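Notes follow the structure.
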Amino acid sequence: MSKWPKRDRPRERLRKHGPAALSDSEVLALLLGTGSGRENAVEVARGILVQGGGLEALARLGLAELVRIGGVGEAKASRIIAAVEFGFRIVEQTEKERSSCRFESSADIYELYRTRLALLREELFMVVGLNSRNQPVHEVAVAQGSVNECRVAPASLFRPLIVEAAARAVLLHNHPSGDPTPSPHDVALTRRLVSVGRAVGI
């Protein structure tokens, strides 16, 4: 990139316009630091994003999967994984700070948990116990499944809620496919859990 006009170099653009002005490939190029023998860092970054399936898909890849992408050695793969993990930790810390919030709608719940669940590669079923003011008092991952299925036992879900004296509960899980459409199993499970919740007073 030394032959590029200064105004077009990612570091110069970052300094002049801020990080929001950078493309995904430019941000990734700054993370990588260097290119390969034939390509500069931005070109390598573009290739990684294409071969990795885009930014979100790239964040799901493990070390071995990243190393298989052209232009990515173990050092560059480690930088990418570390950056993703750093982002997760920032989000997690933010969520902890917001854990005293009060849910007033499903949109509030979505905003709090979407980042944590969005990039998981397997289905995860979580339950969040709430007090009478709709504030979280308990959170636990009840079950983890495959890429398209997660089996939940009502007893394992409600037992901790009863112990914690939760007044209400939020049940949520992700769809790694990216399609949020509930399956017939999702609908049937929801109805069953609602019935159990009514029976135990939650």
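The values are calculated or read from the model by the stated rules, or taken from the named source; none is laboratory data. Every value quoted in this text rests on a predicted model; they were computed, and no experiment measured them. So basically every Cβ, Gly included, is an ideal-geometry build from the backbone, and we count neighbours across all protein chains shown. Just so you know, the surface numbers come from the protein's heavy atoms only, side chains and all, with ligands and any DNA or RNA stripped out. Shrake-Rupley method; radii C 1.70, N 1.55, O 1.52, S 1.80 Å.
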| Odd one out for residue 80, checked against (1) modelled with pLDDT under 90; (2) under 21 Å from residue 176 (Cα atoms) | (1)
| Out of 65, 43, which single residue is closer than 17 Å to residue 85 by Cα and modelled with pLDDT of 85 or more? | 65
| query | Of (1) closer than 30 Å to residue 61 by Cβ; (2) open to solvent by 60 Å² or more (accessible area, probe 1.4 Å); (3) of a type in the set (Asp, Glu), residue 123 satisfies all except one. Which? | reply | (2)
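Of the residues 142, 170, which single one is at pLDDT below 90, among the β-branched types (Val, Ile, Thr) and either open to solvent by less than 60 Å² (accessible area, probe 1.4 Å) or in contact with a strand residue (DSSP E or B) (Cβ under 8 Å, 6 or more places away or on another chain) (or both)?
Testing whether each residue is at pLDDT below 90, among the β-branched types (Val, Ile, Thr) and either open to solvent by less than 60 Å² (accessible area, probe 1.4 Å) or in contact with a strand residue (DSSP E or B) (Cβ under 8 Å, 6 or more places away or on another chain) (or both) leaves just 142.
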| note | Subset of region 173-202, residues open to solvent by 80 Å² or more (accessible area, probe 1.4 Å), of a type in the set (Gly, Ala, Ser) and either in contact with an Asp or Glu (Cβ under 8 Å, 6 or more places away or on another chain) or not in a helix (DSSP H, G or I) (or both), comes to 177
| Is it true that some residue in region 150-167 is more than 30 Å from residue 36 (Cα to Cα), out of contact with any Pro (no Cβ under 6 Å at 6 or more places or on another chain), modelled with pLDDT under 80 and open to solvent by 50 Å² or more (accessible area, probe 1.4 Å)? | yes
| remark: Subset of region 10-28, residues open to solvent by less than 30 Å² (accessible area, probe 1.4 Å) and without any contact (Cβ under 8 Å) to a residue 24 or more places away in the chain, comes to 18, 22, 26
